[in-house]
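Nothing in this text is a laboratory measurement; each read-out follows from the coordinates by a stated rule. What you see is a predicted model, and the numbers here were worked out from it, not measured in a lab.
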């Protein structure tokens, strides 16, 4: 049955030495994109995301991390390629939020991942009315006050994740409403969603096929060798 792994790490934990070591692993095109980000935190998020991607793909495919080739593509997710003798690269999806970076991989099915930092100071009802469909904003307005912030971010991350999933699929359809008959949907034609709350984040993983299992791992340390030891 299909399965997936989500690796989570905090870019705020990267030291300057970590940054320099990770930059040496990137392609020329990736370094140029890294340099175009103006905010240091966004640079660290991008950098950590590309290293997590290489690590996750290599681990799932059974190849060395430096054997994973990542190519930039304008307005698209990067292209991942493995050595000619290896199998087809795994499916993947990346997301970031306020320093947190997540990478999901699966050998079995297309993915769309989104993480969002919960912020109780935002006017989630107003944002919902502006960004959600009528059915979705009405559903949010009906939620208990104590649950509303978490419910808003769960719905928001679900919409982002399904958009990423459908963008990754050939001829992807327009993302559907996430609420029908007053109920927040968890699946539909060609998509299945799983949601969690972790590290102050709302997290949604959408998949083309229903996943039997999803491992969520918050990594420690700043080297692939340390991550490998944690996962062994």
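Remarks
- Between helix 148-168 and the chain: long-axis angle, C-alpha atoms, 0 to 90°, nearest 10: 60 degrees
- Crossing angle, helix 40-61 versus the chain [Cα axis fit, 0-90 degrees, rounded to tens]: 70 degrees
- Expressed in units of 2.2 N^0.38 Å, where N is the residue count, the Cα radius of gyration of region 15-54 is 1.02.
- Summary of the geometry: region 73-142 and region 40-60, compared by the centres of their Cα atoms, lie 15 Å apart.
- Tensor-based shape of region 1-101 (alpha-carbon gyration tensor, a/c under 1.5 rounded, otherwise prolate or oblate): prolate
- Longest to shortest principal axis, alpha-carbon extents of the chain, angstrom: 50, 37, 35
- Centroid-to-centroid separation of region 148-219 and region 1-16 [C-alpha atoms, Å]: 18 Å
- Alpha-carbon geometry of region 116-207: the Rg and the Dmax are 12.9, 40 Å, given in that order.
- The mean of 1/r over all distinct Cα pairs in region 42-130, once inverted, gives the Kirkwood hydrodynamic radius of 14.6 Å.
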